[in-house]
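The values are calculated or read from the model by the stated rules, or taken from the named source; none is laboratory data. Predicted model only: the values in this text are computed from it and were never measured. Every residue, glycine among them, receives a Cβ derived from its backbone with ideal geometry; neighbour counts consider all protein chains shown.
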Amino acid sequence: TQLQLAQAQRMEALGQLAGGIAHDFNNVLQAVIGSAGLLERQAGGNDGVRQLARMLTQAAERGAAITRRLLAFARRSDLRAEPVDAAGLLSNMRELLAHTLGGGVEVRVDASPRLPPLLADKGQLETVLVNLATNARDAMEGTGTLTLAADIEVVPQGERRGGVALPAGRYLRLAVADTGSGMDSATLERATEPFFTTKPVGQGTGLGLSMAKGFAEQSGGALRVESRPAQGTTISLWFPLADEHRGAVPAPVASLLGPPS
Ligand code: ADP
């Protein structure tokens, strides 16, 4: 619709703006990191100065990490949509996560091996799933169950998913569910806002969920957060099916597919 188009253009402009700022800001931070390193080396026997220089370096490096994530978020036109086998992707994820999440977290995959391929940028999708799994681990504080699920959902005409009115049809739904702390209603309401975080400074950037939502919507899908305090959180992502592309995918993805047949 007209409104969605205007929204997509606004997001595109915002992405470009954010990318430009992130890039310039990163240059400033690199100058700070360079000078702080110099200061540290010239501090000689002055431990106080050396310690302050260290702190300066660490703070600037945290800033640089944020700008890198912001750049990745803004680099929306780099997305390359391709058919992705969801069941294969999730079982690879399980292996990867079993090693990185720690022994107390059980990782389960719930997906039929005969699901049709979804359409999205595979590398970006993997990054998003790792971010969601990291949030889940933080919420479970080391023990619990992480379930990665995939199924087909038929979205009827006029229904919304995560606030987005998807074109009617079949979608592949991925879900990342944890048995962690969940979110109170105030957190749930703001969870997908860029830079919203409840984590201590240095641990959270507040970009994970907003990036994931932006990615799902740019892929022609949607993202929904469901959460209950003390019970857990489920993040669902809808993606178009590769075989049923109906020309409804927003510009960067659609341009790679050619005109709808
Ligand atoms: P970050 O993880 O850097 O804080 P996100 O955008 O990924 O940024 O998440 C924003 C906030 O949403 C988190 O700080 C946390 O309060 C909440 N949140 C996200 N995922 C979960 C989860 N799986 N369980 C509980 N709370 C979550």
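Values as computed for the structure displayed
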| read-out | value |
| --- | --- |
| Elements of type strands (runs of 3 or more DSSP E) contained in region 57-160, each with 1 or more residues being away from the ligand (no atom under 13 Å from the Cβ) and within 24 Å of Leu188 (Cβ to Cβ) | 105-111, 144-155 |
| Residue in region 218-237 that is modelled with the highest pLDDT, counting only those that are closer than 14 Å to Ala86 by Cβ and touching a helix residue (DSSP H, G or I) at 6+ places or on another chain (Cβ under 7 Å) | Leu237 |
| Meets criteria (at pLDDT 95 or above and more than 16 Å from the chain's Cα centre (by Cα)) for Val105 | no |
| Selection within region 161-192 - of a type outside the set (Ser, Thr, Tyr), assigned to a loop (DSSP other than H, G, I, E, B) and within 8 Å of the ligand (Cβ to nearest atom) | Gly180, Gly182, Met183, Ala191 |
| Subset of region 205-234 [within 7 Å of the ligand (Cβ to nearest atom) and under 12 Å from the mean Cα position of the chain (by Cα)] | Thr205, Gly206, Leu207, Gly208, Leu209, Ser210 |
| Enumeration of residues in region 110-128 that are surrounded by fewer than 19 Cβ atoms within 10 Å (Cβ to Cβ), farther than 17 Å from Gly208 by Cβ and without any contact (Cβ under 8 Å) to a residue 60 or more places away in the chain | Asp110, Ser112, Pro113, Arg114, Leu115, Lys122 |
| Lone unmet requirement of (1) within 16 Å of Ala216 (Cα to Cα); (2) among the charged types (D, E, K, R); (3) within 21 Å of the chain's Cα centre (by Cα) for Asp138 | (1) |
| Unique match (being of a type in the set (Gly, Ala, Ser), at pLDDT 90 or above and crowded, with 18+ Cβ neighbours inside 10 Å) among Ala53, Ala59 | Ala53 |
| Single match in Asn131, Asn46 (criterion: buried (at least 16 other Cβ atoms within 10 Å of the Cβ) and not aliphatic (A, V, I, L, M)) | Asn131 |
| Residue match in region 174-191 (condition: in contact with a strand residue (DSSP E or B) (Cβ under 6 Å, 6 or more places away or on another chain), surrounded by fewer than 18 Cβ atoms within 10 Å (Cβ to Cβ), acidic (Asp, Glu) and at pLDDT 95 or above) | no |
